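A.B. asks: Handing you a structure now.
The values are calculated or read from the model by the stated rules, or taken from the named source; none is laboratory data. As the structure is a prediction and not an experimental result, all values here were calculated from the model. Cβ placement follows ideal geometry from the backbone for every residue including glycine, while neighbour counts extend to all protein chains displayed.
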Amino acid sequence: MTGKPQLFGTDGVRGVAGEYPLDPATVWKLGWAVGAVLGKHPSSPPVRVLLGGDTRESSDWISRTLAAGLRAAGATVTSAGVITTPGVAFLTRHHGFSAGIMVSASHNPFQDNGIKVLSSEGMKLSEARELAIERELARTPTAKPQSSRRRLAQSPRLIKDYITHLFSLIKPSEQLSALRLVVDCAHGASSRVAPDLLNRLGIDGRILNAAPNGRNINLECGSLHPEHMAEETKRSGADLGVAFDGDADRAIFATRGGRILDGDHVLYSCGLHLHRSGGLKGPCVVGTLMTNLGLELALGQHGIALTRTPVGDKYVLEEILRSGLNLGGEPSGHIIFSDISLAGDGLITLLQVLRLVDETGESLEDLVGGLQQFPQIIRNVRVRHKPPLDSIPEVENAVMECRREFGERGRVIVRYSGTEKVARVMVEAEEAEAVQRHAARIARAIESTVGVD
């Protein structure tokens with residue numbers, strides 16, 4: 001097997017729970033393959049894997065089935081229970097596990113789930129390691145998938161260790177307790193972390209959507225639906241609001257006045273503050289193809305460069321490490337402060353924004369005042385299959401016409417999702433009408449050629 005991984009997408013293995021590749025047989029085999037790859041070398045220490053999951057009803061059986069496969073390959077499995085993805089990343093590195101595995105589909109609805117395998121450093125696997133697991137998967141002996149009917153024994157100390165780590169990032173001199181927050185936990189993994197963290201920090205936090213029932217994760221709440229959080233922030237007069245996604249690696253904010261702010265606003269405000277204090281390496285910020293052109297122009301006015309990568313936080317991190325930088329992220333709210341953590345962590349992003357407000361004495365609204373985003377539309381088109389988009393004349397013609405009209409004052413990105421059968425159309429420019437017109441035309445071209453009937 002060569003080339004790109006087939007099972008692993010940009011964020012692990014993802015699909016509908018119970019269906020391939022998240023059917024019990026494949027999940028068991030994947031656990032076995034991960035354990036086998038980790039234990040390949042005779043000189044390797046005993047394989048120890050940390051397992052965590054979000055609040056979906058399927059996360060429990062997937063975790064138990066994975067654990068059975070891992071144990072069949074000789075690995076020892078420790079469960080952290082319900083915890084955030086960046087929590088698994090931290091604990092894997094901090095406690096010296098061979099790997100960490102998070103069972104989550106992030107911002108997707110409850111019917112979906114996913115398996116994210118992290119290295120001993122708490123980072124997403126390289127494509128080479130993913131290919132090695134897929135090769136092993138193809139050789140995995142056929143066996144009846146086994147999983148204990150009992151819940152996995154959990155170590156409560158682990159989540160306490162993660163909360164203590166987050167708490168330690170705030171200096172005693174920083175007076176965050178004076179701030180009032182609204183926090184939307186998306187009925188996801190942050191429901192188990194955010195309330196305790198705010199309590200330890202002495203912060204007055206109004207907690208929303210922290211009663212998971214297995215099926216309400218991300219349901220009209222969280223980072224994909226921050227409107228209610230923003231309304232509550234404005235209504236209550238809180239200093240700011242934040243909404244996490246299901247596994248809390250993303251954070252979307254709201255100002256006191258109810259204005260919603262995305263990851264580009266975080267990169268602008270934190271990047272500019274770091275630059276002024278001499279702490280921004282480069283000076284450069286890493287974004288992706290989806291990063292708004294307005295951010296690039298606003299940073300440039302302060303002598304800060306923007307480097308773009310393909311979409312996906314793993315590519316942002318690769319560029320940060322390759323170029324020796326320390327700040328990057330995506331509009332979705334996936335932000336990496338690499339001097340603190342190599343994982344995108346919504347809770348760390350919240351802490352950094354709170355520190356920024358405390359240190360400057362400015363409101364979040366004022367801190368992002370210099371960023372004027374271009375009108376941007378993202379259209380998602382469900383597709384039957386994924387031929388190269390530039391090989392479809394109707395799509396290519398629509399894209400070229402858009403680029404001719406915009407010149408250097410606009411952008412169009414057409415790409416497939418790495419985790420779903422979806423084509424994403426992103427169009428941005430100075431005129432909202434032109435953005436809407438071109439996005440609609442390109443989406444129609446995709447629908448008429450490879451769209452789902």
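A.B. asks: Residue by residue through region 193-224, note down the ones that are crowded, with 18+ Cβ neighbours inside 10 Å and without any contact (Cβ under 8 Å) to a residue 24 or more places away in the chain.
C.D. replies: Leu198
A.B. asks: Would you check which residues across region 18-36 are among the β-branched types (Val, Ile, Thr) and more than 10 Å from Ile62 (Cβ to Cβ) and list them?
C.D. replies: Those that are among the β-branched types (Val, Ile, Thr) and more than 10 Å from Ile62 (Cβ to Cβ): Thr26, Val34.
A.B. asks: Return a yes/no flag: does region 396-416 have any residue that is more than 22 Å from Glu296 (Cα to Cα) and modelled with pLDDT under 95.
C.D. replies: Yes: one or more hits.
A.B. asks: To continue, here is another question. Hey, could you check region 7-16 for residues that are surrounded by fewer than 22 Cβ atoms within 10 Å (Cβ to Cβ) and at pLDDT 85 or above and say which is nearest to Asn108 (Cα to Cα)?
C.D. replies: Applying the filter and picking the extreme gives Val16.
A.B. asks: Report whether or not Val285 is in a strand (DSSP E or B) and not aromatic (Phe, Trp, Tyr). Can you show your working first?
C.D. replies: Working: in a strand (DSSP E or B): yes; not aromatic (Phe, Trp, Tyr): yes.
Answer is yes for this residue.
A.B. asks: Working only within region 161-197, note down all residues that are farther than 24 Å from Ala254 by Cα, charged (D, E, K, R) and under 22 Å from the mean Cα position of the chain (by Cα).
C.D. replies: Listed by number, the list holds a single entry, Asp161.
A.B. asks: Across region 362-404, which residue is farthest from Val425 (Cα to Cα) among those that are in contact (Cβ under 8 Å) with a residue 24 or more places away in the chain and polar (S, T, N, Q)?
C.D. replies: Going through the qualifying residues, I end up with Ser363.
A.B. asks: Moving to a separate point now. Given the structure, is Asp161 assigned to a loop (DSSP other than H, G, I, E, B) and either modelled with pLDDT of 95 or more or closer than 30 Å to Arg64 by Cβ (or both)? Show your work before the answer.
C.D. replies: Values: assigned to a loop (DSSP other than H, G, I, E, B): no; either modelled with pLDDT of 95 or more or closer than 30 Å to Arg64 by Cβ (or both): yes.
Against the criterion (assigned to a loop (DSSP other than H, G, I, E, B) and either modelled with pLDDT of 95 or more or closer than 30 Å to Arg64 by Cβ (or both)), Asp161 does not qualify.
A.B. asks: Being part of a loop (DSSP other than H, G, I, E, B), within 28 Å of Gly188 (Cβ to Cβ) and free of Cβ contacts under 8 Å to residues at least 60 places away in the same chain narrows it down to one residue among Ala238, Ala248; which is it?
C.D. replies: On the way: Ala248 fails: free of Cβ contacts under 8 Å to residues at least 60 places away in the same chain.
The match here is Ala238.
A.B. asks: For region 263-279, state whether one or more residues are crowded, with 24+ Cβ neighbours inside 10 Å, within 15 Å of Asp184 (Cα to Cα) and in contact with a helix residue (DSSP H, G or I) (Cβ under 9 Å, 6 or more places away or on another chain).
C.D. replies: no
A.B. asks: I'd like the full set of residues that are part of a helix (DSSP H, G or I), of a type outside the set (S, T, N, Q) and buried (at least 20 other Cβ atoms within 10 Å of the Cβ), limited to region 46-67.
C.D. replies: Ile62, Arg64, Leu66, Ala67
A.B. asks: Can you tell me which condition Glu319 does not meet? The list is (1) in a loop (DSSP other than H, G, I, E, B); (2) modelled with pLDDT of 95 or more; (3) surrounded by 16 or more Cβ atoms within 10 Å (Cβ to Cβ), and all the others hold.
C.D. replies: With (1) in a loop (DSSP other than H, G, I, E, B); (2) modelled with pLDDT of 95 or more; (3) surrounded by 16 or more Cβ atoms within 10 Å (Cβ to Cβ) applied to Glu319, the lone miss is (1).
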